[in-house]
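Accompanying notes for the structure given below.
The values are calculated or read from the model by the stated rules, or taken from the named source; none is laboratory data. Keep in mind that what you see is a predicted model, and the values were worked out from it rather than measured. Heads up, the Cβs are rebuilt from the backbone with ideal geometry, glycines too, and the neighbour counts pull from every protein chain shown.
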């Protein structure tokens with residue numbers, strides 16, 4: 001059983017997303033530690049990319065600021081090494097194929113294993129094209145996280161059967177960003193997932209309030225929140241860790257009732 005699957009056994013999961021290096025790596029590290037203190041189950045770390053096609057304007061802006069600030073993949077690896085001195089919850093990278101290709105896929109994934117990264121989320125790699133990454137992740141014991149979207153339709157069962165770590169269930173069509181309401185029939189998708197795998201699934205894209213998080217976690221095994229957290233960091237910059245911690249605490253407290 002992977003560390004990620006084991007983390008979901010403790011109850012409904014809360015997974016915060018942070019863009020590494022926005023506004024700087026020291027603030028990212030402090031925010032991660034506040035998230036963990038506030039009850040985060042798993043941490044999703046975004047490696048900035050110049051063309052983040054799955055992201056809305058909030059996270060796109062964070063990626064641009066991080067890149068302009070000089071963030072590199074190697075510096076993010078060093079960030080994780082530092083975090084692993086005291087952070088024990090699973091951590092996963094969310095990034096894009098070009099980032100891994102430019103670094104060298106085997107070098108990137110083997111380094112992930114060495115520094116304590118538990119999984120990878122690659123939103124621009126469809127299920128049918130995951131082979132090269134999947135084999136390397138299998139070799140080095142890094143979970144390649146599958147994404148299922150409302151458009152997956154008759155592919156849901158197939159994706160679920162081969163899933164590792166957890167399934168990232170996309171709540172809505174489009175890119176990441178805060179949504180006032182999530183209207184997708186997620187219950188029917190979760191039902192197909194449950195029929196085909198015991199791997200947990202968590203819902204992301206658009207969740208910004210404790211009520212939304214509780215509702216999505218009640219349907220699944222957890223909630224993923226990105227843009228709402230990144231927006232706090234954009235607003236408060238180096239002072240953000242305290243506010244991020246308070247926000248995550250407001251979310252995790254509600255999940256107890258999901």
In segment 53-77, the residues that are out of contact with any helix residue (DSSP H, G or I) (no Cβ under 8 Å at 6 or more places or on another chain) and assigned to a loop (DSSP other than H, G, I, E, B): 53, 54, 69, 70, 72
Unmet criterion (only one of (1) free of Cβ contacts under 8 Å to residues at least 60 places away in the same chain; (2) within 28 Å of residue 138 (Cβ to Cβ); (3) crowded, with 20+ Cβ neighbours inside 10 Å) for residue 60: (2)
Out of 135, 152, sole residue that is surrounded by fewer than 23 Cβ atoms within 10 Å (Cβ to Cβ) and out of contact with any helix residue (DSSP H, G or I) (no Cβ under 7 Å at 6 or more places or on another chain): 135
Test: residue in segment 20-42 that is surrounded by fewer than 19 Cβ atoms within 10 Å (Cβ to Cβ), touching a strand residue (DSSP E or B) at 6+ places or on another chain (Cβ under 6 Å) and assigned to a loop (DSSP other than H, G, I, E, B): no
Test: residue 176 is at pLDDT below 95, closer than 27 Å to residue 209 by Cα, assigned to a loop (DSSP other than H, G, I, E, B) and over 20 Å from the mean Cα position of the chain (by Cα): no
Selection within segment 205-239 - surrounded by fewer than 18 Cβ atoms within 10 Å (Cβ to Cβ), under 24 Å from residue 148 (Cβ atoms) and modelled with pLDDT of 95 or more: none
